[in-house]
1. Checking Pro175 against (1) open to solvent by 60 Å² or more (accessible area, probe 1.4 Å); (2) more than 26 Å from Phe117 (Cβ to Cβ), which test does it fail?
2. Please work out which one of (1) farther than 22 Å from Ile132 by Cα; (2) at pLDDT below 95 is the condition Phe66 fails and give its number.
3. Under the condition of being more than 27 Å from Asn115 (Cα to Cα) and of a type in the set (S, T, N, Q), which residue from the stretch 1-51 is modelled with the highest pLDDT?
4. Hey, Gly178 hits all of (1) at pLDDT below 90; (2) more than 16 Å from Ala33 (Cβ to Cβ); (3) small (Gly, Ala, Ser) but one; which does it fall short on?
5. Tally time: how many residues in the stretch 109-130 are at negative phi, surrounded by fewer than 24 Cβ atoms within 10 Å (Cβ to Cβ) and in contact (Cβ under 8 Å) with a residue 40 or more places away in the chain?
6. Looking at this structure, is Gly86 assigned to a loop (DSSP other than H, G, I, E, B) and at pLDDT 70 or above?
7. Mind listing just one residue for me: the one in the stretch 122-177 that is of a type in the set (Ser, Thr, Tyr) and under 30 Å from Val105 (Cβ atoms) and, of those, nearest to the chain's Cα centre (by Cα)?
Amino acid sequence: MTVNMTKGQAISLQKSDGASLTAVRMGLGWQAAARRGLFGSRTKEIDLDASAVLFADKQPVDVVFFRHLVSDDGSVKHTGDNLVGGAGSGGDDEAILVDLARVPVHIDQIVFTVNSFTGQTFQEVQNAFCRIVDETNGQEMARYTLDGGGRYTAQIMAKVHRVGAGWQMTALGNPANGRTFQDLMPSILPHL
């Protein structure tokens, strides 16, 4: 059963039987919003990029994004860059796989971001979402939908963080500006 998350909401990453999840997929989907023009509606391709920044005690120690597809320890993997989107409310346009059992113990938070590499604002995006899926069975556990576009070029989407012996996901949904994850670091730090 999927939980439709609201900004700031947190859920435990446990299976229905109480066991901890071992592998999750953070999926990102979007569509270009139709724009009315002189000759009718048209869409322009939008290149959104998903990134995962791995933190240890509030310090960034690794990142997974379209130019570095696998974390140094191999526990986090990006499935590849999608330059146009299109899945919207359906499947994932970009995904980041996290093997929670292999994440080194010193990594305590993984923050997921999305940014418009080409600098287009979220006013030009529709049906954007991030979701977390139990990678062992394909079941969607939680979904966070971006409501309404804005004049920003990025979002600090969510974080997965350690709570005791398990993991928890918190929907952040904070707008930011930047073309890459590096540009977003000042906006990420307050959420750690």
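The values are calculated or read from the model by the stated rules, or taken from the named source; none is laboratory data. The structure presented is a predicted model; accordingly, all values stated were derived computationally and were not measured. Using ideal geometry, Cβ is built from the backbone for each residue, glycine included, and neighbour counts are taken over all protein chains shown. When the accessible area is computed, the model is the full protein with side chains, heavy atoms only, and any ligands, DNA or RNA have been set aside. Shrake-Rupley method; radii C 1.70, N 1.55, O 1.52, S 1.80 Å.
1. Result: Pro175 fails condition (2) only.
2. Going through the list (1) farther than 22 Å from Ile132 by Cα; (2) at pLDDT below 95, Phe66 breaks only (1).
3. Thr22
4. For Gly178, the failing item is (1).
5. Selection size over the stretch 109-130: 11.
6. no
7. Top of the filtered list is Tyr144.
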